[in-house]
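*Asks:* Quick one: the structure is below, questions incoming.
The values are calculated or read from the model by the stated rules, or taken from the named source; none is laboratory data. Since we're looking at a predicted model, the values are computed, not measured. Positions of Cβ are backbone-derived with ideal geometry, glycine not excepted, and every protein chain shown enters the neighbour counts. Ligands, DNA and RNA are stripped out before the accessible areas are found, and what is left, the full protein with its side chains, is counted by its heavy atoms. Shrake-Rupley method; radii C 1.70, N 1.55, O 1.52, S 1.80 Å.
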Amino acid sequence: MQVAVAGGTGLVGKFVVAELRAAGHQPVILARSQGVDLTTGVGLQDRLSGCDVVINVANVVTTRAKVAVDFFSRTTGNLLSVARRTGVKHVITLSIVGSDEVDFGYYMGKRAQEELVRDGDLSWTVLRATQFFEFPEPLLDNRSPVVLMPNMLARPVAARDVAKRLVDHVTQDPAGMAREIAGPQQLGMVDMARRIVRAQGRHRIVVPVSLPGKVGKAMSGGGLLPHGDYDQGPLTFDDYLAGLARPMATGR
């Protein structure tokens, strides 16, 4: 099939594109580097023409509700509108486990996105995933020796495993709200960050920070964990750390 990937140059998008190719599909990347602006719809018509399915993993990095809601509403609205006109049969959207329970800014954007997909007239699948193994890394990538890390309890999953599950849905009937996917271990984000630092041989002091009020309690108390039946990704956090390990730099 010809499958469009919104956000195909991002973390999950790159894995999705690779999995599509491995499965014999033809990926069509929807990204600014390919002349597509999802926030305005520019370039979408040409790129979606001839596509059977859309996988939407487009993302924005923000903690602000206004920014998140605006981004996910505009990009999803444009994508659904053009997909309808070009004859796309199935829209598959990546979301987050716990997004309907934790009143955090970014999650409110994902709620708005899910609502648009559910209320649209295209056949749809929404796959909710837990936080990725890579989640702490952007916070660790600064020059400060001290890094603040949110107190979060998660069942983190490999982005690659999520990509595989998304691609599985390409040849399946639209599932509506699909079974969630999570990793094999329950871990704290602070511990994950410290283990990443050790694996990379870096020097960072990771300080736990709890967000105030109900949001902080939900994040640290299981609000981001899957409830009921879910699919379990096979890769462990130790597998991920093994790929991060790098030799210590030597002086000249």
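*Asks:* Taking 37 °C and 0.692 mPa s as the conditions, I'd like the Stokes-Einstein D for the stretch 41-171 in µm²/s, using the Kirkwood hydrodynamic radius from alpha carbon pairs.
*Replies:* 205 µm²/s
*Asks:* Pull out the extension gain between residue 37 and residue 236, defined as 0.36 nm times the separation in residues minus the alpha carbon to alpha carbon distance; nm, one decimal. Each step should come with its number before you reach the end.
*Replies:* On the way: separation 199, 0.36 × 199 = 71.64 nm, distance 3.50 nm.
Full extension from residue 37 to residue 236 adds 68.1 nm.
*Asks:* Determine ³J(HN,Hα), in whole Hz, for all residues of the stretch 203-220 in sequence, where each value follows from phi through the Karplus function 6.51 cos²θ - 1.76 cosθ + 1.60 and θ = phi - 60°; x replaces Gly and Pro.
*Replies:* Result, rounded to whole Hz: 10, 9, 9, 9, 10, x, 10, 9, 5, x, x, 5, 4, x, 5, 5, 5, 8.
*Asks:* So how exposed is residue 111, as accessible area in Å² (1.4 Å probe, rounded to 10)?
*Replies:* For residue 111, the solvent-accessible surface is approximately 70 Å².
*Asks:* Oh, and also: Explain nothing, just the number: relative contact order of the chain, from Cα pairs under 8 Å at least 6 residues apart, as a whole percent.
*Replies:* Relative contact order comes out at 18 percent.
*Asks:* Against the longest principal axis of the chain, how steep is helix 65-86, in degrees 0 to 90 to the nearest 10, with axes from Cα atoms?
*Replies:* For 65-86 against the chain, the angle is about 30 degrees.
*Asks:* Quick one: which residues, 5 or more positions from residue 149 or on another chain, have an amide H under 5 Å from its amide H? H modelled 1.01 Å from N in the peptide plane, none for Pro or chain starts.
*Replies:* Amide H neighbours of residue 149, under 5 Å, 5+ apart: 207, 209.
*Asks:* How much of the accessible area of the chain, in percent, comes from carbon and sulfur atoms when a 1.4 Å probe is used?
*Replies:* On the way: 6170 of 12030 Å².
Carbon-and-sulfur percentage of accessible area, whole number: 51.
*Asks:* About the Cα centre of the chain, how large is the charge dipole given +1 on each Lys and Arg Cβ and -1 on each Asp and Glu Cβ? Please answer in debye to the nearest 20. Don't skip to the end; give the middle numbers.
*Replies:* On the way: 29 positive and 24 negative charges, 182 e Å.
So the magnitude is around 880 debye.
*Asks:* Could you provide, to the nearest whole Å², the per residue accessible area of the chain with probe 1.4 Å? Before the final figure, lay out each step's value.
*Replies:* Details: 12030 Å² over 252 residues.
In whole numbers, the chain has 48 Å² accessible per residue.
*Asks:* Could I ask something else about it? How much FRET efficiency would the formula 1/(1 + (r/R0)^6) give for residue 179 and residue 100, where r is the Cβ-Cβ distance and R0 is 22 Å, rounded to 0.05? Walk me through the intermediate numbers first.
*Replies:* Working: r = 16 Å, r/R0 = 0.71.
Once rounded, the FRET efficiency stands at 0.90.
*Asks:* Over the residues of the stretch 3-63, compute the C-alpha Rg and express it relative to 2.2 N^0.38 Å.
*Replies:* Against the compact-globule rule of thumb, the ratio is 1.07.
*Asks:* Provide, as a two-decimal number, the C-alpha radius of gyration of the chain over 2.2 N^0.38 Å, N being how many residues it has.
*Replies:* 1.03
*Asks:* Normalise the Debye intensity by I(0) for the stretch 106-243, one equal point scatterer per Cα, no solvent, then take log10 at q = 0.16, 0.22 Å⁻¹ and round to two decimals.
*Replies:* Here log10 of I(q) over I(0) equals -0.92, -1.37.
*Asks:* Rg over Rh of the stretch 167-249, using C-alpha atoms and the Kirkwood radius, what does it come to?
*Replies:* Value, to two decimals: 1.07.
*Asks:* Can you tell me which aspartates and glutamates have their Cα less than 13 Å from the Cα of residue 14? Leave out same-chain residues fewer than eight positions away.
*Replies:* The reachable aspartates and glutamates, counting only those whose Cα sits under 13 Å from residue 14, are 161.
*Asks:* I've got another one for you. So what is the calculated 222 nm ellipticity per residue for the chain, using -39500 (n - 2.57) for each DSSP H run with n of 4 or more, over all residues, to the nearest 500 deg cm²/dmol?
*Replies:* The helix contribution divided over the chain gives -11500 deg cm²/dmol.
*Asks:* Pairwise over distinct Cα atoms, reciprocal of the mean inverse distance: report the Kirkwood radius of the stretch 1-107 in Å, one decimal place.
*Replies:* It works out to 14.1 Å.
*Asks:* May I ask you to derive the FRET efficiency for residue 2 and residue 146 from their Cβ-Cβ distance with R0 = 41 Å, giving the value to the nearest 0.05?
*Replies:* That gives a FRET efficiency of 0.30.
*Asks:* Let me ask something else about it. Hey, what angle do you get for helix 105-119 against the long axis of the chain, alpha-carbon based, 0 to 90 degrees rounded to 10?
*Replies:* Approximately 20 degrees, to the nearest 10.
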